[in-house]
Structures are given as C-alpha cells and as structure tokens.
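Working notes, beginning with the structure itself.
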Amino acid sequence: MSISHLFLWLTACIWGFAFVAQSTAMDVIGPHTFNAVRFLLATLSLIPLLFVFKVKTPYSKSALFKGSAAAGTLLFFGFTFQQTGLLYTTAGNAGFITSMYIVMVPLVGLLFKHAVDRLTWAGLAVALVGFYILTIGPNLSINKGDALEFAGTLFWTGHVLLISYLSRFLPALPLSIMQFAVATVWATLTAFTLENPTLSSIELAWWPLVYAGVASSGIAFTLQTLGQRNVSPSSTALILSMEAVFAVLGGWLLMGEVLSDRALFGCALIFAGMIVSQWPRKTVKLEPTKEVSL
C-alpha cells in the first residue's frame, strides 16, 4: 500500500467516525447549533491551507462567489438533514444511507446527459435493494431518522455534481473555504431562529465539534488532496466508500450500537452496490488504423 492509499484510508476512517461525534453531540446541543459551530471551525481550519496549497491558476472571483453560494447552500441542507436525522437513527444507518450518494450521482447525472454503464446500473440496483432492507419496515413504513438521512443524500448528490462542474474552472481550496463560510451563515441564522444556542451547550459538545469541524474538514481535506494526486478516481471512490463501514464500526465500538441481522444484510448490499458501481473499468486502446493507398 502506497502512502497515497494510506492517506485516503485515513480520510475514510475520519469521515466514518465523524458520525459518532455528530451523534453523541446531540445529547447536549441542537443540530443547527452544532452545524453552525462545525461549519465555522471547518472554515477556520481550512484557511491556513491556503499557505500550503497555493493557488497558481487564475480564476473568476465572481464565479467563485456564485459557485460557493450554491455549493454552500446544498452543503447546509445536506448536513441539516443528516444531523437532524441522527436524533432518530443510529450512526451506522446514517453512514450507509449517506453513502448512497455514490450510486445516486450517476443516476441524477442522466439529467445532464452523463453516460451510465451496465456496472453502474447493476450497482445501483443492488444498493437500492439494500436500502429497502435496511430502512423499510412493516407496512412499507420508514424510520423518521432514516427518511431524514435519505433526504440529505439527495442534497449530497446535487452537491457532488455541482462541485464536479465547478472544479473545472475554480480552485478546490478557495471553493471549499467559501462554501463552508456560506453554510456557516445559513446554519447560524437557522440556529438562532429555531434553537437557543448557549456557550455552555457548545462547551459540553466541544470535542465532537472539534472532531467534526477540524478533523473531518481541515485534516481530512488535506489527506484527501494529497492522496488523490497519485490514485485513480475509481480507486479513490472505492476507498472513500469505506466511510460507511467505519461509521458502523465507530457506532459499535464507541456507542454500543448493534445492528440486527436484517440491517447488516441491508448494509452489506448497499456496500456491494457501491463497490460494483465504482469498480475500475478497463480501458481498451485502439490501434491506429493504417492508411492504404489505392
């Protein structure tokens, strides 16, 4: 295993265990207050990286502002549904349902005329069966928390597609900082509207906030950036999909969460679907045709 692969594995681990931090914090702090502080910490933790990963290519500040506003809004809604959902479901369920964006991105991409191959369709079908087994109960009912997590996944899907587009002409680090800043504003307004933020509650949730805001943002962003330099996109997606597995492990080790056999089977199918949809494809090089003189 190369150092680049190790960086990506550490990124997946940090992101997976972040679900545990987010879940435990809900005992002492509201979801919107939690998001407001984590977004602020994420913004502050990424700013020093500007001195490490210097932007060398020119870009439009107007495009950065508009793109960040859109991306930050999607980020806010994604985290809002995810964090609120953790009030009613387990960290493991949240991790696997959130990871569904990996197979949903190609499906939504069809609206933008993105090509989808057979393996992706197969992976999507398997993941959807797993999602049904994991979340749907008797009489086609669904747990409130799982429903909220899935709603968040729709916003994560839109966010991935938007970032994929914006990254073509905007630098990644300034875009990340600006989108977190936008999300901070939205979450802060929501927190003061729907909750009663206090310094005492923030202090009680300090370590989960530091982990979610700094470790899963500044540190993980750096590791992901360094890792992706020497690893193919397909391999990167495969490794990062382990985030869901680390979420289950974290919930089991640190919170005593135990999934039923049915839930474990559903998680296994979702994970299998993600693996199939992102499995590296073989590229066939065509031999140049020889000209024949007549």
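Quick look at the values:
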read-out: Label zone at residue 203, where the point sits 7 Å out along the Cα-to-Cβ direction: region 41-60 residues whose backbone N lies under 20 Å; value: 41
read-out: Spin-label model distance (nm) - residue 230 vs residue 265, 7 Å beyond Cα toward Cβ; value: 4.3 nm
read-out: Part-to-part distance (alpha-carbon centres) for region 1-67 and region 86-150, which is given in Å; value: 23 Å
read-out: Contact order normalised by residue count of region 3-277, Cα under 8 Å, 6+ apart, percent; value: 47 percent
read-out: Label-reachable residues, region 199-225, where backbone N falls under 20 Å from a point 7 Å from residue 27's Cα toward its Cβ; value: 199-213
read-out: Whether region 27-119 is rounded, prolate or oblate, judged on the alpha carbon gyration tensor where a/c under 1.5 counts as rounded; value: oblate
read-out: Kirkwood-based shape ratio for region 3-277, expressed as Rg/Rh from alpha carbons; value: 0.95
read-out: Potential lengthening between residue 165 and residue 62 on full extension [0.36 nm per residue; Cα-Cα distance subtracted]; value: 35.5 nm
read-out: Residues residue 189 and residue 55, FRET efficiency given R0 of 22 Å [Cβ-Cβ distance, rounded to 0.05]; value: 0.15
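Where a number appears in this text, it was derived from the coordinates with a stated rule and is not lab data. As the structure is a prediction and not an experimental result, all values here were calculated from the model. Cβ coordinates were reconstructed from backbone atoms using ideal geometry, including for glycine residues, and neighbour counts include every protein chain displayed.
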